[in-house]
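Asker: The structure under discussion is supplied below as structure tokens; questions concerning it will follow.
Rule-based calculations on the coordinates, nothing more; no lab input. None of these values were measured; they are calculated from a predicted model. Virtual Cβ from ideal backbone geometry, glycine too; neighbours counted across all protein chains shown.
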Amino acid sequence: MTGTTKSLGVRLTSDDVAAGIWDATRGRGRLPKVHYEIGARAKVLATVAKYAPNWAVRTVNKYFSGR
């Protein structure tokens with residue numbers, strides 16, 4: 001488990017991961033998707049990171065990882 005995983009308090013069950021794998025292998029669009037977020041918290045953080053400036057994302061990641 002990584003420092004960020006511990007500090008964010010990731011709480012996934014095997015069912016959550018299995019559902020994510022199922023969705024990743026079934027929903028093929030025109031362009032292949034590379035990253036799949038599993039869980040509501042990961043989806044929110046990924047969406048925020050998409051629109052936030054890079055310096056802000058790096059700062060938040062450093063904070064959560066304890067560096």
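Asker: Which whole-number percent of Cα pairs in segment 14-53 have a distance greater than 12 Å? Mind showing how you got there, number by number?
Answerer: On the way: 509 of 780 pairs.
Looking at segment 14-53, the distances longer than 12 Å represent 65 percent of pairs.
Asker: Arranged from highest to lowest average of other beta-carbon atoms within 10 Å per residue, in what order do the peptides 28-37, 53-62 appear? Intermediate values should be presented prior to the final figure.
Answerer: Values: 28-37: 8.0, 53-62: 11.3.
Per-residue mean Cβ counts within 10 Å order the peptides as 53-62, 28-37.
Asker: I want to check the label-to-label distance for ARG11 and ALA49. Put each point 7 Å from Cα in the C-beta direction and report it in nm to one decimal.
Answerer: 2.2
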